[in-house]
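Derivation of every value follows stated rules applied to the coordinates shown; laboratory data play no part. Just so it is clear, the structure is predicted and the values come from calculations on it, not from any experiment. Ideal geometry is used to build each Cβ from the backbone, glycine not excepted, and the neighbour counts take in all protein chains shown.
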Amino acid sequence: MAFSRVLGQTRIKSVMGKTLKGGRLAHAYLLTGPDGVGKEAMALEICRVLHCRAQGSKKGQGLEPCGRCPGCQKMKGLVHPDLKLLFPIPSRWANKPPESANGGDLLGEEIAKKADDYYHTIRIPGGNNILIEQIRPLNRYLAFRPVESDWKVIIIFQADRLTPEAANALLHILEEPPSQSLFLLVSGQPGSILPTIRSRCQGVRFANVGEEEILRGLKEKGIPEERLSRLIAKLAGGSFGVALRLAAEDVDRNREGALGLVLGFTGGSPSQVSDLIEEWQGKDRYQLTEGLRLVSLWLRDAQILRELTARDGESCPHLVNQDRADRVVEVLDRFPRGDFLGAVAQVEKAVDLIDKNVYLKSILMNLAINLRALLGGK
Ligand SMILES: [Zn+2]
């Protein structure tokens with residue numbers, strides 16, 4: 001099947017498949033949608049098809065790369081001369097690419113991980129922005145014809161993280177894109193991208209991945225345990241990327257940790273609250289976001305349970321934490337008049353602020369205050 005490394009997204013596969021087959025590619029696409037639904041994977045898959053010398057880029061032919069030609073071989077390590085991969089890097093890398101002493105190993109490792117798993121998110125510590133120094137060299141890169149393929153492909157992950165200067169430089173390129181060039185911008189937050197850039201890209205909106213699809217994907221990745229897979233598929237909220245990360249961690253422990261945050265923030269002594277803040281502050285941005293997602297799922301479950309007349313969580317398939325319905329009952333008992341939806345909104349706001357790089361400690365302190373006010377306690 002075409003685009004074999006992208007889970008679900010059949011509508012997009014069919015549209016992009018027809019476009020590729022017909023050889024009617026636009027110059028730029030903006031792939032948007034929630035995190036972990038396969039946007040980056042799709043961008044890489046499109047590139048794989050275009051760079052396969054055996055068939056992919058030939059008009060009117062098949063869409064599955066052969067895997068053997070020189071183009072496919074180079075795409076295996078994501079080191080094709082007609083592919084530029086951009087993503088946020090630390091500003092200290094602005095003027096010279098990292099050598100192995102100062103981050104080059106890490107960069108290589110991250111790209112290797114991405115090549116191995118298209119759902120892996122490339123993360124470089126301190127890499128918050130895509131810099132003008134990454135965009136400028138594109139002019140030179142695009143000034144020449146493709147080396148081995150029919151297309152020069154530029155993939156930009158987290159395109160919402162372009163600095164204003166970088167965005168303007170990119171806009172100039174997009175205003176007069178060279179022939180045989182293809183830009184694939186990927187973003188979970190397209191609202192933060194310059195509207196003039198957005199208007200030059202054809203939008204492709206990705207939907208959440210269904211629970212059954214996620215289960216199938218987990219199985220393919222060799223994650224067999226039925227209870228855990230089902231739970232992960234539920235917790236992942238339509239994101240296969242999140243599912244994979246959850247599968248790599250101790251789900252039960254993280255879930256308990258999230259519940260501990262709710263109970264501690266609302267009922268703990270000031271020193272317990274500050275210990276909790278310190279503990280959560282020590283997580284990386286990613287773990288923190290995921291942990292807070294788990295927090296909001298507990299709160300949502302409590303709201304759902306409250307709306308049921310019978311207090312029987314076991315028989316309620318809508319609970320995400322269905323296997324721990326006893327704990328959901330506990331939350332509901334603890335906060336009989338709690339505004340759970342208001343609390344969920346606060347948690348989501350905190351996640352948003354983390355994305356915007358606001359100081360973690362103040363985000364968590366505010367969250368503690370807000371949860372206490374909204375949930376109250378017994
Ligand atoms: Zn090939």
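The table for this structure:
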read-out: Backbone HN-Hα couplings from phi across segment 213-223 [Karplus 6.51/-1.76/1.60, Hz, Gly and Pro as x]; value: 4, 4, 4, 5, x, 5, 4, 4, 7, x, 10
read-out: Residue order, fewest to most surrounding Cβ atoms within 10 angstrom, among 344, 328, 153; value: 344, 153, 328
read-out: Acute angle (nearest 10 degrees) that the helix 10-22 long axis makes with the longest principal axis of the chain, alpha-carbon atoms; value: 10 degrees
read-out: The chain: C-alpha gyration tensor shape, a/c 1.5 cut-off, then a/b vs b/c; value: prolate
read-out: Full-extension gain in nm, residue 248 to residue 333, via 0.36 nm per residue minus C-alpha separation; value: 27.4 nm
read-out: 0 to 90° range, to nearest 10: angle between helix 325-334 axis and the chain longest Cα axis; value: 60 degrees
read-out: For the chain: relative contact order, % (alpha-carbon pairs under 8 angstrom, 6 or more apart); value: 16 percent
read-out: Environment charge at residue 124 (Cβ cut-off 13 Å; Lys +1, Arg +1, Asp -1, Glu -1); value: +2
read-out: Calculated [θ] (222 nm, deg cm²/dmol) that DSSP helices of n ≥ 4 give over the chain, each run adding -39,500 (n - 2.57); value: -16000 deg cm²/dmol
read-out: Global geometry of segment 252-375, whether rounded, prolate or oblate, following the gyration tensor of its Cα atoms and the 1.5 cut on a/c; value: prolate
read-out: Relative packing of 84-94, 10-20, 353-363, which averages over residues the other C-beta atoms within 10 Å, highest first; value: 84-94, 10-20, 353-363
read-out: Ranking of 172, 51 by count of other Cβ atoms within 10 Å, fewest first; value: 172, 51
